[in-house]
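Taken together, the values in this text are just the output of simple stated rules run on the coordinates, not laboratory data. Remember, it's a predicted structure, so these values are computed and weren't measured experimentally. Positions of Cβ are generated from backbone atoms using ideal geometry, with glycine treated the same way; all protein chains shown enter the neighbour counts.
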Amino acid sequence: MKKIMMTLSVSVLSLFAAACDETARNGNIQIYVEPEWTLVNGISSGTDEENIQDGWSVSYSDFVLSIGEVTVGRSGEAPKYGMGKHYLIDMKNTPLSGQLVAEFTDVPSGNWDRVGYALPAASESSEVLGAVPLNTISQMKDNGLAVYTRMTLTKPDGQRCPYLVGEADPADPARPCAAVTEITASWELPYPSRGDGCGTDLETGLTVPSGGTAAVKLTIHADHWFFTAFRHTGVTRLVQHLVDADLNADGEITIAELDATPITVLSTTIFDLSTIPGELNTLLDYVRWATITLPHYQGDGGCPERTPL
């Protein structure tokens, strides 16, 4: 009888230990990067909220970014899990299902409310994920870019009214205009940043299921350069203010032209410049802050704690 009781006791203890085993409740995390639909399909003109409201349409032929430094943790603690690599990814050739950029295994189940990632400056240590053109890889690394994009702006009855840079009123409504139906912009954007506190309306961070996998997506938006304010509501998408920055009227909006155009050309009755958290002197500053706000989470979720790097 004692032997039987001892055997039963050992069995019960073994079951209890298994029930309390932390590993038995662990799961995994997979983190993907995905392009928002605006990046893949472009942005049409129209009257819907997601359309460009001034008649212009935008399409992207190139959109390569540097991404990495993914972290997962809990409030009040240092990040528990981290991926320090920097990847170069061609978002135009990234499937809508996303590209895996980080994976963590044997993670305790439950909510992890601190998720963040960076668009770091590309460097020689950056790794290529997927197919990226060789010349773009060199371009990204040599210039420390966070984003490289080439876009085409079109409007059948478009006009270009170059700002009068150096004049008392560069945006003088009476300045000369000329017909133009297509403008291009090829931008090298060396503006690295980090977004933390990523979440959605339903959840902050992510939840690891017991014995399962939490799969989440880092979503890259491509329409913030056209926003009249950097917030999620009450935003209009416009392009004309960038078209008019083609100062020499050669059909290409350059970084140099944006940098030469004072921010005063933007009407404060249309643009809410109070949503810009830092220095804002030129249109290039506006583009810089727009670039810093491109990283999102799970579609339209955000990463509200944004830090220029």
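Below is a table of values for the structure above.
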quantity: Nitroxide proxy distance, nm - points 7 Å out along Cα→Cβ at Ser97 and Glu50; calculated: 2.2 nm
quantity: Overall form of segment 131-241 per C-alpha gyration tensor (a/c, 1.5; a/b vs b/c); calculated: prolate
quantity: Neighbour-count order for Glu36, Glu203, Glu124, fewest beta carbons within 10 angstrom listed first; calculated: Glu124, Glu203, Glu36
quantity: For segment 77-187, with +1 on Lys and Arg beta carbons and -1 on Asp and Glu, the positive-most of Tyr117, Leu100, Gly158 along the dipole; calculated: Gly158
quantity: In degrees, nearest ten, helix 283-292 long axis to first principal axis of the chain (Cα); calculated: 10 degrees
quantity: Label-reachable residues, segment 151-167, where backbone N falls under 14 Å from a point 7 Å from Ala249's Cα toward its Cβ; calculated: 159-165
quantity: Computed E for Ser59/Ala256 - FRET, C-beta separation, R0 22 angstrom, nearest 0.05; calculated: 0.40
quantity: Listed residues Phe63, Phe271, Phe230, most fluctuating in the chain (Gaussian network, C-alpha, under 10 Å); calculated: Phe271
quantity: Which label in (1) 71, 43, 40; (2) 104, 41, 32; (3) 62, 46, 38 gives the computed Cα extents along the principal axes in Å; calculated: (2)
quantity: Residue of Ala168, Ala131, Ala185 that the Gaussian network model of the chain assigns the largest fluctuation, springs spanning Cα pairs under 10 Å; calculated: Ala168
